[in-house]
């Protein structure tokens, strides 16, 4: 039992440290959110990719950067309604 | 890298990326002078601005083999040298210093804090340093912030603490800067949004209520921890922060830049807000709100200001007014925030103000600009907007502010630094009929776009070109005495005579020089103290300073055929094959050596080296004979004219030159023997200074004419000028000390000599036909020459006319008003004065309008007129998406230009109202276009290609074949592919389809059945940007994440696809896992660090093998060179391993080299030539260690590395 507890604790600390680490009860919403946020963070982080997208959109790079981070707030739309409501 | 791969490529960069992603300013050399360090892709470059010339020039570039994300400079208190902190994808923080003596970067600290790669929660996106250099913060887009304390130890060395965490989960960071707080505890400010609530709330209420906070993180230096000190909501759409000076310089605090307004915030100050003024004009939408996208704060004595830039490129000067008490003393309270228009410069990634009064603009697209400040806009007539007239609350409405744009008044452009960024398409073709092809590319964005022609060569500045009465055969210049600084005479040798010109204010003929004018000349030399030597076929004239002439006559029935001289020695070859050798006596007279050396064949050329410093003679004489040999004879007194060594050649030597040049192997200078052959080949061998042995021969083909060699001096270094069908310059690269051989962008010359005069201290004089030309070579750092032709809008794609040297460029700009709309607006306007003035769009940009497109087709002639010869503007909000020149079998093989367009295109999420295929007939040899008809199609055509006398079109996911009809295009057949076709290639009946997301698909066209059948596709989703067929089975391509790959169709599948003429078998073959029946194999994979935008198989130099040439979005030009033998692969693999290991030259930023090159997928079958070339930059001891490990000599390794490049590229 102690072993199981420790594994659980380890997993929890891992999840706290590395956002996006999944677990057995990850919901599709959480999973999608993580994927989308990771993608936007990657677009913002890679300078050539950001410039490429900005040129495609006909916008300024800095403006697109702001928009992409803004999109990370609500990555995949509202969460599904909770069942206990 | 898998050693099992059967194919290996050597990857090389020809031109590094020119986009500057970030830049910092600082005194990195530890002197008063400021330098700029820029990051372009994976390269760090330090530049030196020269205030006296108003120029900025690179000092040193280092490839870091990692993605550079952020840069910051800092200085420890009391020190005079700035350090550089780099945030990269290595998961480590790196502190570098620039070592001026070695001209290298030196890593001071490397601290690991997280995983490598660019991830959401790994810091590196934001980097800020406390202005007093006491701490730095490195933050990620979400959650993580690490603060490092910087200090110095007892030895005055820089120390870095372990990181202090300031994490806040589920929080997004929009910007992060350091506050200027003087010597109080360092504070960092961040713009944050917490999304915890949004993720929990299904109603969407939380999303509307979410707040953007300005948060202060204070580093308590006493307690050594970070606290979240202050958090206040700011405008919801704020994205940028700027520092306001604090301590004794100002009130401290930040400027929060949001959409349409700027707010001053600080924990102990009132809030002040000003709007961002909008442009006023007939073409401007008065409702359009601007954002601040870049800016710079500048502190001067007792005052400061900020220059902030909007996405239009307008710079605004922002100042703060301080409150004063009754006695007129400043109270430290802010009274008002003020903003006014300053000037308009290109939209910048980074702005820097130098202390010497310059502004450096690292442009987002196109050339980088270097401006000089004329004034600071203090007392001009621009309206100043003050926060007094605008509410401070972020939600409160206000009346917008407006201003008029005008040409530069405060700034003055002093230098425009060429940059091919973004580079959108490229083609290599030889349109000038030269021996090597040129690179044609389309670059830039908006009105600053251009069509660039790149050519390998050095630029030459011509000073004089004058016609002579007759065709001279040779030219020399000479000083009169050893101490003279400048040349006094130009001596021209004709078939039957010699002409002497004196150099003064004018160049005129002189006759009393003592030179024999009735015979041609073979050599001229200033000998000893103040004598001159003229060698002519019948003898040697020794002209003393008092014009006394001693003549040594050639023996009877023999004449002099070749001669060589230096300041103390003369050697001549007689027609009988004898060599006569003279040395200068102590009394200045020439003494003949008593023996003559008889050679076996006729002597074709001779060379003496320069007399080394402190010696009385050069100890070698090189003799070239027509039996295709070069002999080295000794000139030492005890072994005069004895054989030292022999080298056999492939053809008779036409010219020789013994010369000392800087050498990368030894670090000092080395004696070289340069050999030119009658076959046009140039050889360079190392001549051992003691033994006279020849070793390490490197060969290069120059041209079809016999090579002639001349010693010249360029930029203070000895260089060799090799003349064949075009002139080449052999010189030492200033950074690597490696030997470079580059053609000059100049006419073919027959003879060249150094030319030094007061006006032109480092020139050359040359003969071309009947003309005398004097010229200089000014820049040795750039060996690619550029020619620009400005284009109207962002170029998207281009095609070449099948026969004529013309290009058709399609251009489109999103969110820009079309010319017709602009004209209409200007007509309709009841404008007051000044509103209807249209300023040049190259500087001010086009008027913008959401959803509008401005698009055109331009015909560019890069050869004769070097301009745009025809422009056809698209109307009805159509934008060009694809172009091809196709000949139609149904129209007697006449070539038409087909352009695919989209109407009302919205890029993301993708939507449009229609797509069209436009057909244009070519007139005037292709210089004019006539519209024939247009065909409406379901989706915008995104790829077009001529195919077997018809047109192949990618219409959305459909691949179709069209024929040209009278009224419209006629669809013949089609097949559907996965998503969206972005490119097409063909060979025979095979068609390669690039999908935007699903890599490439091989299709075959069955003519009899009129069917298109996909038969092979890929296993990995690649977001293809470009591809090319390197052979019938193989495709090389790139994707938008910056990978290069080579895919090959299995032999069996490839054969089967072509076997069956009806295609029945293929059609009924079982599909495999929802795809085609066959899968492609990955041959090579590589991450070059830039997004490939074009790729093609071509050769780049005369006689060079084919290489895969690719261009990157940020302006990179690169090649992949196939290896022929396994042996070389093994060698380079072990060299790569040695260099990347910790004992060699591991990447500067701590990124593992192999991991970097395997960024998205494991690197396969590619040797990183850029890493191998860092070998040149290593100090000698490291070179020796690596050479020892590889069991080879340093020279051998350097030769192998430089051969890999010079054989196929520049």
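Quick check: is even one residue across the stretch B:837-846 surrounded by fewer than 18 Cβ atoms within 10 Å (Cβ to Cβ) and in a strand (DSSP E or B)? No - not one qualifying residue is present in the stretch B:837-846.
Hey, can you tell me all the residues within the stretch B:897-915 that are buried (at least 21 other Cβ atoms within 10 Å of the Cβ) and either part of a strand (DSSP E or B) or not assigned by the TED database to the domain that holds residue B:804 (or both)? If the condition is that a residue be buried (at least 21 other Cβ atoms within 10 Å of the Cβ) and either part of a strand (DSSP E or B) or not assigned by the TED database to the domain that holds residue B:804 (or both), then B:897, B:898, B:899, B:900, B:901, B:902, B:915 are the ones that fit. Only residues that are part of a strand (DSSP E or B), free of Cβ contacts under 8 Å to residues at least 24 places away in the same chain and loosely packed, with under 15 Cβ neighbours inside 10 Å: list them for the stretch B:203-230, please. Answer for the stretch B:203-230, where residues must be part of a strand (DSSP E or B), free of Cβ contacts under 8 Å to residues at least 24 places away in the same chain and loosely packed, with under 15 Cβ neighbours inside 10 Å: just B:227.
Screening residue B:502 with (1) more than 18 Å from residue B:756 (Cβ to Cβ); (2) assigned to a strand (DSSP E or B) gives one miss only, at (1). Of all residues in the stretch B:396-413, those satisfying the criterion of being in a loop (DSSP other than H, G, I, E, B), in contact (Cβ under 8 Å) with a residue 24 or more places away in the chain and either farther than 25 Å from residue B:358 by Cβ or touching a helix residue (DSSP H, G or I) at 6+ places or on another chain (Cβ under 6 Å) (or both) are B:398, B:400, B:401, B:404, B:405.
A quick yes/no check of all residues on (1) touching a residue at least 60 places away in the same chain (Cβ under 8 Å); (2) touching a helix residue (DSSP H, G or I) at 6+ places or on another chain (Cβ under 8 Å):
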site	(1), (2)
B:166	yes, no
B:171	no, no
B:176	yes, no
B:179	yes, no
B:183	yes, no
B:188	yes, no
B:194	no, no
B:198	no, yes
B:201	no, yes
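Scan the stretch B:821-834 and tell me whether some residue there is in contact (Cβ under 8 Å) with a residue 60 or more places away in the chain, under 25 Å from residue B:903 (Cα atoms) and touching a strand residue (DSSP E or B) at 6+ places or on another chain (Cβ under 9 Å). Yes, because at least one residue in the stretch B:821-834 is in contact (Cβ under 8 Å) with a residue 60 or more places away in the chain, under 25 Å from residue B:903 (Cα atoms) and touching a strand residue (DSSP E or B) at 6+ places or on another chain (Cβ under 9 Å). Just one of the listed residues (B:1123, B:1176) is out of contact with any strand residue (DSSP E or B) (no Cβ under 8 Å at 6 or more places or on another chain) and either without any contact (Cβ under 8 Å) to a residue 60 or more places away in the chain or more than 25 Å from residue B:70 (Cβ to Cβ) (or both), namely B:1176. Annotation for the stretch B:159-175: no member residue is surrounded by 21 or more Cβ atoms within 10 Å (Cβ to Cβ), within 12 Å of chain A (Cβ to nearest Cβ), over 44 Å from the mean Cα position of the chain (by Cα) and closer than 26 Å to residue A:17 by Cβ. A residue that is more than 27 Å from residue B:1040 (Cβ to Cβ), without any contact (Cβ under 8 Å) to a residue 24 or more places away in the chain and more than 7 Å from chain B (Cβ to nearest Cβ) can be found somewhere in the stretch A:30-47. Quick one: is residue B:38 closer than 20 Å to residue B:177 by Cα and at pLDDT 95 or above? Yes: the conditions hold for residue B:38. For the stretch B:459-467, the condition holds for at least one residue, the condition being that it is in a loop (DSSP other than H, G, I, E, B), within 38 Å of the chain's Cα centre (by Cα) and outside the structural domain of residue B:514 (by the TED database). Condition check: at pLDDT 90 or above, surrounded by fewer than 22 Cβ atoms within 10 Å (Cβ to Cβ) and not in a loop (DSSP other than H, G, I, E, B). Does residue B:1094 satisfy that? When the stated conditions are applied, residue B:1094 does not pass them. Would you point out the residue of the stretch B:245-258, among those that are away from chain A (no Cβ under 12 Å) and either modelled with pLDDT of 95 or more or assigned to a strand (DSSP E or B) (or both), that is farthest from residue B:183 (Cα to Cα)? Per the stated criteria, the residue is B:256.
Condition check for residue A:75 on (1) facing chain B (nearest Cβ under 10 Å); (2) surrounded by fewer than 17 Cβ atoms within 10 Å (Cβ to Cβ); (3) at pLDDT below 90; (4) closer than 30 Å to residue B:88 by Cβ: one failure, at (2).
This table checks each residue for (1) at pLDDT below 95; (2) more than 14 Å from chain A (Cβ to nearest Cβ); (3) within 21 Å of residue B:1091 (Cβ to Cβ); (4) part of a helix (DSSP H, G or I).
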site	(1), (2), (3), (4)
B:1016	yes, yes, no, no
B:1019	yes, yes, no, no
B:1031	yes, yes, no, no
B:1041	yes, no, yes, no
B:1052	yes, yes, no, yes
B:1057	yes, yes, no, yes
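Do we find a residue being buried (at least 18 other Cβ atoms within 10 Å of the Cβ), under 19 Å from the mean Cα position of the chain (by Cα), in contact (Cβ under 8 Å) with a residue 12 or more places away in the chain and closer than 30 Å to residue B:442 by Cβ anywhere in the stretch B:760-782? Scanning the stretch B:760-782, I find at least one residue that is buried (at least 18 other Cβ atoms within 10 Å of the Cβ), under 19 Å from the mean Cα position of the chain (by Cα), in contact (Cβ under 8 Å) with a residue 12 or more places away in the chain and closer than 30 Å to residue B:442 by Cβ, so the answer is yes. For the stretch B:63-77, give me the residue count where each residue is more than 14 Å from chain A (Cβ to nearest Cβ) and either outside any loop (DSSP other than H, G, I, E, B) or at pLDDT 95 or above (or both). Final tally of qualifying residues: 4. Of all the listed residues (B:915, B:949, B:926, B:900), the sole one being in contact with a helix residue (DSSP H, G or I) (Cβ under 7 Å, 6 or more places away or on another chain) and more than 14 Å from every other protein chain (Cβ to nearest Cβ) is B:949. Looking only at residues of the stretch B:361-395 that are in a helix (DSSP H, G or I) and in contact (Cβ under 8 Å) with a residue 24 or more places away in the chain, we find that the one that is nearest to residue B:311 (Cα to Cα) is B:387.
Taking the stretch B:186-202 as the range and being surrounded by 17 or more Cβ atoms within 10 Å (Cβ to Cβ) and more than 10 Å from every other protein chain (Cβ to nearest Cβ) as the test, the residues that pass are B:186, B:187, B:188, B:189, B:190, B:192. Just to be sure before I move on: is residue B:1105 surrounded by fewer than 23 Cβ atoms within 10 Å (Cβ to Cβ) and closer than 25 Å to residue B:425 by Cβ in the structure I sent? The answer is yes for residue B:1105.
Can you name the residue in the stretch B:132-150 that is surrounded by fewer than 21 Cβ atoms within 10 Å (Cβ to Cβ) and in contact (Cβ under 8 Å) with a residue 60 or more places away in the chain and, of all such residues, is nearest to the other protein chains (Cβ to nearest Cβ)? Of everything passing the filter in the stretch B:132-150, B:149 is nearest to the other protein chains (Cβ to nearest Cβ).
The values are calculated or read from the model by the stated rules, or taken from the named source; none is laboratory data. Fair warning: this is a prediction, and the values are worked out from it, not measured in the lab. When we count neighbours, we look across all protein chains shown, and the Cβ atoms used for this are built from the backbone with ideal geometry, even at glycine.
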